[in-house]
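Presented below is the structure to which this report refers.
The values are calculated or read from the model by the stated rules, or taken from the named source; none is laboratory data. Bear in mind that the values here come from a model prediction, so they are computed numbers and not experimental data. Here Cβ is always computed from backbone atoms with ideal geometry, including for glycine, and neighbour counts include all displayed protein chains.
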Amino acid sequence: MQGEPLKILLIEDNIDHAELVKRCFQKHRIINSVFHLTDGESALNYMFGQKEYADRSLYPLPDLILLDLRIPKIDGIVVLTKIKEEDSLKHIPVVVLTSSANEKDVYSAYNNYVNSYLVKPLDFEKFTKLIEELGLYWLCLNAPVKN
């Protein structure tokens, strides 16, 4: 995949957080294509190629999913569970990127096969550093499964 933009599906209802993630990737020249959705229902429709996301030439499967837990319509844990239960999707890495450090949320995410669980720092500098490191690892160092 070297040279090809990696496809990231960002599922985040906070527009400011989503913009910060996109800007951080751009600033650090982490080559990627970010598609942003704001709720769990849209995320599942996208991942399963349903409704407005049925055309895979326009809405290809992502190489990485960044998932907030507290999203409208369908909870992030439910989204994670549905993705990891589907044979054709479970190989796609899912990174929970959330404000919740609640032990129950962490356990639930790992119990449903999340690949990584990251808590968003409140400090701007720490948040941008986290996104930079996340991008470098998952998009540059990790060997992805080709879709």
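A few notes on this one:
- Yes/no for residue 87 being more than 13 Å from residue 43 (Cα to Cα) and more than 16 Å from the chain's Cα centre (by Cα): yes
- Among the residues of segment 62-85, just one is of a type in the set (A, V, I, L, M) and farther than 19 Å from residue 116 by Cα, namely 74.
- Residue match in segment 48-70 (condition: closer than 17 Å to residue 130 by Cβ and part of a loop (DSSP other than H, G, I, E, B)): yes
- Restricting segment 120-147 to residues that are among the charged types (D, E, K, R) and part of a helix (DSSP H, G or I), the residue that is modelled with the highest pLDDT: 126
- Members of segment 106-119 found to be closer than 20 Å to residue 34 by Cα and not in a strand (DSSP E or B), listed by number: 114, 115
- Scanning segment 1-35 for residues that are under 13 Å from residue 60 (Cα atoms) and at pLDDT 90 or above returns 8, 9, 35.
- Residue in segment 98-111 that is under 12 Å from the mean Cα position of the chain (by Cα) and surrounded by 14 or more Cβ atoms within 10 Å (Cβ to Cβ) present: yes
- Residue within segment 85-105 that is modelled with pLDDT under 95, under 25 Å from residue 20 (Cβ atoms), of a type in the set (S, T, N, Q) and in a helix (DSSP H, G or I) present: no
- Residue list for segment 112-124, filter: over 19 Å from residue 20 (Cα atoms) and more than 11 Å from the chain's Cα centre (by Cα): 112, 113
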